[in-house]
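The values are calculated or read from the model by the stated rules, or taken from the named source; none is laboratory data. Given the structure is predicted, the values throughout are model-derived calculations rather than measurements. Don't worry about glycine lacking a Cβ; one is built from the backbone with ideal geometry, like all the others, and counts go over all protein chains shown. Remember, those area values only see protein heavy atoms, side chains included, never the ligands or the DNA or RNA. Shrake-Rupley method; radii C 1.70, N 1.55, O 1.52, S 1.80 Å.
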Amino acid sequence: MTHTIKVWDPLVRIFHWSLVLFFFIAYLSEDEFETLHVWAGYSVAALVSFRLLWGLIGTRHARFSDFVQSPRGVWNYLVAIPAGKARRYIGHNPAGGAMVIALLLALTGTVVFGMATLGADENAGPLADTWLASFNEHTLKEIHEFFANSTLALVFLHVAGVLLSSLHHRENLVRSMIHGRKEARADDTDGRGRSA
């Protein structure tokens, strides 16, 4: 029988799957169902705000300090994968940590420029009557769509990375984000690359 350890707390897991749901609702409802699109966007904004806070005060593997590494650390991890020498991490590996940051930045850009577009177009939302909403509505919408499409591209890269890492380390990372546990192994490393 394998020994498992708790890695992802319930709030991280609820955040993760809720973000998937609300991002795709917002993405797929653009232009057709504006009210649904706006409220799904607000939900994404609330989730991103929560994750930024939880990244500072949350549980061990939820904190940015556990998984954010330098570009060199990310690069070293990525080049170790084809050689079959990438270390297994209990929490996010360096590439996964970089992806978390990239997704949070892209989502932040998406919601900020989405709210600015709403403010410019309908004089509604939290950014109505602000300097950002005073910019050209078409330009704001183009920036909003750029960030939304960038987020979608990052999502596909994230899924590919999860599948690659799952194969490389012979574990089911999707399942661990559902129940929150991972198998404990002798060669595990923590977010800073030390033995766990």
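Along the positive direction of the dipole of the chain (beta-carbon charges: Lys, Arg +1; Asp, Glu -1; about the Cα centre), which of 37, 14, 133 reaches farthest?
14
Quick one: dipole size for region 1-53, taken about the Cα centre, charges +1 on Lys/Arg Cβ and -1 on Asp/Glu Cβ, in debye to the nearest 20.
Dipole about the Cα centre, nearest 20: 480 debye.
Name the long-range amide H neighbours of residue 4: under 5 Å, sequence gap of 5 or more, or other chain; modelled H, no Pro or chain starts.
Under 5 Å from the amide H of residue 4: 184.
Among the lysines, select those whose C-alpha is under 27 Å from the C-alpha of residue 182, and discard any that sit fewer than 8 residues away in the same chain.
Qualifying lysines at Cα under 27 Å: 6, 85.
Leaving ligands, DNA and RNA out of it, report the carbon-plus-sulfur percent of the accessible area of region 62-196 at a 1.4 Å probe.
63
Which of the helices in the chain, when you take each full DSSP H run, stretch at least 24 Å along the axis at their Cα atoms and have an average Kyte-Doolittle score of 1.6 or higher?
10-29
Send over the Kirkwood Rh of the chain, from the inverse of the averaged 1/r over different Cα pairs, rounded to one decimal Å. Before the final figure, lay out the partial values.
Details: mean 1/r = 0.0554 Å⁻¹.
Result for the chain, one decimal place: 18.1 Å.
Could you give the accessible area per residue of the chain, probe 1.4 Å, as a whole number in Å²?
57
Sum -39500 (n - 2.57) across every DSSP H segment of at least 4 residues in the chain, then divide by the residue count to get the 222 nm mean residue ellipticity, nearest 500. If you can, show how the numbers build up before the last one.
Values: 7 runs with 127 residues, N = 196.
Helices in the chain give a 222 nm mean residue ellipticity of -22000 deg cm²/dmol.
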